[in-house]
Amino acid sequence: MTPTEVVIVEDDAKFRGAFAHLIEATADMDLIGTAANLAQGLDLMRRRIPDVLLVDLDLPDGSGLDLIRHVAARSDTCNIMVITVFGDERHVIESIEAGASGYLLKDSLPADFIEQIRVLHAGGSPISPVIARQLLTRFVGNSAGPATSEVPELSEREHSVLNLVTKGFTYQEIAGLLRVSPHTVLTYVKRIYRKLQVSSKTEAVYEARKLGLLRD
Amino acid sequence: MLTGAVLVAGCIAPDRPEHRITRAELTFTSTRPVDVIHPDRNRRLTLPDAAVRWQPINLPMRVPRQQAAPGEPATDAHRVWIRLRYVAPPDNVEALALYLPRLMAGFGVEDILIDGERIESTVGRGGGQWNEPLLLPVPEAAQRRGGFEVLVSFWNWREAGFMVAAPYIGPLAELRPLAEQRRFLASDAPRGLCYALAVLGLFALGCWWFRREEKTYLLFALASLVWYVRTLHYFTGVPAQFVSLFFWISLNSLSWLMLLVYLFAMRFQQRPSRHVVLGLGALIVLTGLVTSPLLTLPIAVSTGIAYGSQLLVALGVTGLLTLDALRRRAIETRLMVIALWVNLGFGVHDLLLQRFLLDPEHLFLMPYGALFLFGAFLFAVLRRYLAAISEVESVNSSLEGRLADRTRELAVSYEKLQRVEKERAVIEERQRLMREMHDGLGSSLMSSLVMVEQGRLQSAEVAKVLRECIDDLKPTIDSLEPIGNDLVTLLATLRYRIGRRLEQAGLQLEWAAGDLPPLPWLDAVNALQVLRIIQEALTNVVKHANARVIRIETDQIGAQVRVRISDDGVGFASGAPEGGRGLTNMRRRAEQLGGQIQLVRESDQTQVVLLLPIDRRIEPRAQAR
């Protein structure tokens with residue numbers, strides 16, 4: 001089995017070093033590059049898109065969101081993880097819309113850190129209850145919106161998963177409650193992430209059309 | 001236009017001149033006055049005997065008042081006979097008719113005979129044939145004879161004067177349109193006008209009834225009703241016993257009308273002059289009394305007085321209003337003055353006609369004066385009405401303007417309020433954060449700093465303190481997240497944060513969060529309080545209880561929600577002093593939220609129960625129950 005290729009884009013040298021150290025110490029992971037700012041990050045991505053990209057949003061020369069969009073537009077396989085201090089709703093939703101599929105807390109215990117990367121790579125990153133709640137209202141809002149036909153709707157199962165996440169249940173528990181395997185729950189979560197990206201793109205297209213920026 | 005047509009019709013040369021008969025003979029017979037005063041329709045006519053002398057005359061014939069016709073006897077009352085002969089054209093096969101446009105005499109009693117046979121009598125109809133034209137078919141017997149003699153007979157008295165139009169004899173089909181046209185102009189049109197005015201008057205009366213302060217409508221109503229009464233006699237016969245009363249009312253109505261006109265016109269100018277109104281009123285009432293049928297003045301005297309007074313009132317009102325219109329130039333008054341002058345002209349025309357000084361084929365014009373007078377009235381009322389409407393509109397638009405102003409003011413003050421509210425929220429938030437920093441994060445960091453500076457703290461301990469600080473910060477962040485007043489989501493964030501930590505500490509977490517209704521009061525400040533309570537409870541379990549399983553349940557009990565945190569540890573009773581302090585803190589926080597903390601120890605379970613109200617506004621009442 002080939003090792004998972006990882007790139008870290010983080011401006012804080014101590015964090016960057018600590019993460020790099022953790023990954024290099026992991027046998028099935030291969031750190032293929034680190035960057036301290038957006039420009040270096042983009043440069044790395046032009047050369048090779050890894051399996052997993054860890055990116056901080058606050059970069060000295062721009063937003064990590066730009067890097068996420070850049071990668072999301074070029075790769076379906078790269079799992080993008082946002083490095084954040086608190087995992088607060090605004091940052092996370094923005095990241096997911098840009099194409100990220102999970103986030104890492106900077107203060108995660110070392111053991112958790114690698115574990116979370118594995119979970120992400122395997123399927124989907126855990127969604128916090130607040131994020132799930134936001135996603136629910138967002139999709140409900142979309143279905144009543146003007147671009148209904150172009151915005152994907154959540155399936156009943158996906159809806160149930162999100163609903164249970166808002167109530168604090170873990171994927172394991174949700175799998176039990178819905179009588180499916182944990183892997184299936186992860187699949188639902190991944191689909192939800194994908195749909196959010198699509199819907200945000202559709203919204204952007206819709207807005208652009210409204211502004212007359214885009215011609216069919 | 002109609003008036004123009006009337007004037008033309010009144011003065012133009014008669015149509016169908018070939019059927020017009022202008023030569024006749026005249027004679028008189030004496031009679032008893034009683035036959036004149038109480039005529040009997042069925043009475044046999046005594047025809048003039050053969051010895052009577054017939055005077056040749058030309059028709060139309062007019063004998064003005066105070067004049068005697070040639071051969072008129074000196075007796076007071078007598079019968080007038082007019083005789084004419086007609087020879088039908090030899091080839092005539094059509095039905096013949098006699099058309100008499102007008103016959104006016106002192107009494108309205110007329111008989112018409114053909115070859116000695118009476119074919120028409122207006123006896124007993126009251127008023128007689130003074131305005132409506134007569135169209136009579138010639139009896140077939142007379143027609144067959146080819147020629148016949150027509151006798152027109154009526155009562156009169158000396159010097160009363162009379163007037164007979166030239167009659168027409170000819171084919172009925174040709175004369176009928178003439179007669180009908182004249183009937184329309186002399187009688188039907190005035191009647192229609194009269195009724196229309198009466199309806200308008202009733203309408204105005206209704207307007208006034210519901211808006212008593214609008215005297216204009218009342219004046220309009222009264223004027224049109226007076227006019228109605230005044231015009232009645234042009235087309236209505238009156239029973240004999242009411243003739244004198246009817247005559248009196250008609251005679252006086254014109255003056256009342258003028259007074260009403262004056263008052264009406266003055267509403268568009270200024271206040272009417274009290275002296276003028278009193279003077280006119282006195283004159284009118286006096287005239288009314290003098291000419292009253294109870295006084296039985298000679299008819300010539302009473303009509304003289306009535307017409308004289310009427311003329312005075314009419315000229316006075318017209319003069320006053322004319323002066324006023326010239327001075328003030330209100331369009332309503334000017335139109336009314338024009339209408340008055342037109343009416344005055346009509347009145348003079350009618351007076352001359354009534355005095356037999358104009359051709360009998362002239363029409364009475366006064367009924368058409370209403371068109372002008374009430375046209376002017378209506379114009380005035382219409383303008384007043386339109387003015388009222390536009391006033392309402394302008395009031396509305398100014399109201400709208402004021403409303404818009406108020407709305408703007410409201411928006412401004414709302415904005416101000418929002419700003420104040422925002423500032424207040426910011427201040428509260430700052431105070432909250434300060435409190436948090438001071439109690440938790442700040443004091444932890446401060447004590448750690450002191451210990452590090454004194455070299456008493458190992459790096460592992462520093463890491464522990466810092467991690468605690470960050471853990472302490474997280475609920476603050478979580479409390480600010482949008483959770484939509486949902487307590488379950490709030491608890492879920494806590495689990496999301498610390499679930500792994502608990503598991504790593506060897507605790508198994510059983511999660512049984514049931515659905516709860518939204519708590520309207522659960523804002524960021526209160527959410528943090530709730531998080532702190534739960535965190536405290538969990539910390540106590542982790543630190544002191546030695547538990548293996550921890551269970552979190554939520555449910556709703558009546559108007560409260562319940563959060564139960566149970567563990568299988570050693571219980572709080574044996575807890576360290578911190579546990580006691582922690583419990584006090586939890587109690588204090590719960591009370592601030594309007595809720596309470598209960599501690600339950602049963603069998604091997606220790607349970608911390610947090611009860612919170614769903615709606616804090618109705619909480620006191622819910623407790624009272």
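The values are calculated or read from the model by the stated rules, or taken from the named source; none is laboratory data. As the structure is a prediction and not an experimental result, all values here were calculated from the model. We place every Cβ from the backbone using ideal geometry, glycine too, and count neighbours over all the protein chains shown. For accessibility, only protein heavy atoms count, side chains too; no ligands or nucleic acids. Shrake-Rupley method; radii C 1.70, N 1.55, O 1.52, S 1.80 Å.
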Exercise. Which one of the conditions (1) open to solvent by 50 Å² or more (accessible area, probe 1.4 Å); (2) at pLDDT 85 or above; (3) of a type in the set (Gly, Ala, Ser) does B:SER244 fail to meet, given that it meets all the rest?
Worked result: (2)
For this session: Would you mind stating whether B:VAL561 is away from chain A (no Cβ under 13 Å) and either modelled with pLDDT of 85 or more or within 60 Å of the chain's Cα centre (by Cα) (or both)?
Result: yes
Seminar exercise, completed: Over segment B:497-522, the set of residues in contact with a helix residue (DSSP H, G or I) (Cβ under 6 Å, 6 or more places away or on another chain) and either modelled with pLDDT under 85 or under 17 Å from B:GLY569 (Cβ atoms) (or both) is B:ARG497, B:ALA505, B:LEU509
Exercise. Under 7 Å by Cβ, and 6 or more places apart or on different chains, what pairs join a residue from segment B:54-74 that is under 14 Å from B:PRO167 (Cα atoms) and open to solvent by 20 Å² or more (accessible area, probe 1.4 Å) with one that is of a type in the set (S, T, N, Q) and in a loop (DSSP other than H, G, I, E, B)?
Worked result: B:ASN58/B:THR22
For this session: Could you tell me which residue of segment B:449-471 is modelled with the lowest pLDDT, considering only residues that are open to solvent by less than 40 Å² (accessible area, probe 1.4 Å) and away from every other protein chain (no Cβ under 11 Å)?
Result: B:LEU457
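Go over the candidates A:LEU44, A:LEU53 one by one and state the one that is of a type in the set (A, V, I, L, M, F, W, C) and either touching an Asp or Glu at 6+ places or on another chain (Cβ under 8 Å) or part of a strand (DSSP E or B) (or both). Walk me through it before giving the result.
Details: A:LEU44 fails: either touching an Asp or Glu at 6+ places or on another chain (Cβ under 8 Å) or part of a strand (DSSP E or B) (or both).
Going through A:LEU44, A:LEU53 in turn, the sole match is A:LEU53.
Filter segment B:507-522 down to the residues that are open to solvent by 50 Å² or more (accessible area, probe 1.4 Å) and either farther than 13 Å from B:ILE614 by Cα or facing chain A (nearest Cβ under 10 Å) (or both) and list them by number. Even if it seems obvious, please write down each step before you answer.
We begin by selecting, within segment B:507-522, every residue open to solvent by 50 Å² or more (accessible area, probe 1.4 Å); these are B:508, B:510, B:515, B:518, B:520.
Hits for segment B:507-522 are B:GLN508, B:GLU510, B:ASP515.
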Exercise. Taking segment B:522-539 only, how many residues are in contact (Cβ under 8 Å) with a residue 60 or more places away in the chain and touching a strand residue (DSSP E or B) at 6+ places or on another chain (Cβ under 8 Å)?
Worked result: 4
Exercise. Of a type in the set (Val, Ile, Thr), within 30 Å of B:ARG65 (Cα to Cα) and open to solvent by 70 Å² or more (accessible area, probe 1.4 Å), is that true of B:VAL392?
Worked result: no
Exercise. Based on what the data block shows, is B:THR476 at pLDDT below 80, of a type in the set (Val, Ile, Thr) and in contact with a helix residue (DSSP H, G or I) (Cβ under 7 Å, 6 or more places away or on another chain)?
Worked result: yes
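Which of the following residues is of a type in the set (Gly, Ala, Ser), under 12 Å from the mean Cα position of the chain (by Cα) and either farther than 28 Å from B:ALA463 by Cβ or open to solvent by 40 Å² or more (accessible area, probe 1.4 Å) (or both): A:ALA18, A:ALA100, A:ALA39? Don't jump to the end; show me each part of the working.
Values: A:ALA18 fails: under 12 Å from the mean Cα position of the chain (by Cα); A:ALA39 fails: under 12 Å from the mean Cα position of the chain (by Cα).
Going through A:ALA18, A:ALA100, A:ALA39 in turn, the sole match is A:ALA100.
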For this session: Return yes when A:ALA175 is at pLDDT 80 or above and more than 11 Å from chain B (Cβ to nearest Cβ) and no when it is not.
Result: yes
For this session: Select from segment B:482-503 the residues that are crowded, with 17+ Cβ neighbours inside 10 Å, under 60 Å from the mean Cα position of the chain (by Cα) and within 7 Å of chain A (Cβ to nearest Cβ) and list them in ascending order.
Result: B:ILE483
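Report whether or not A:ASP76 is within 14 Å of chain B (Cβ to nearest Cβ) and of a type outside the set (A, V, I, L, M, F, W, C).
Numbers: within 14 Å of chain B (Cβ to nearest Cβ): no; of a type outside the set (A, V, I, L, M, F, W, C): yes.
Answer is no for this residue.
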Exercise. Could you say which residue among B:LEU202, B:LEU257 is within 18 Å of B:GLU332 (Cβ to Cβ) and at pLDDT 85 or above?
Worked result: B:LEU257
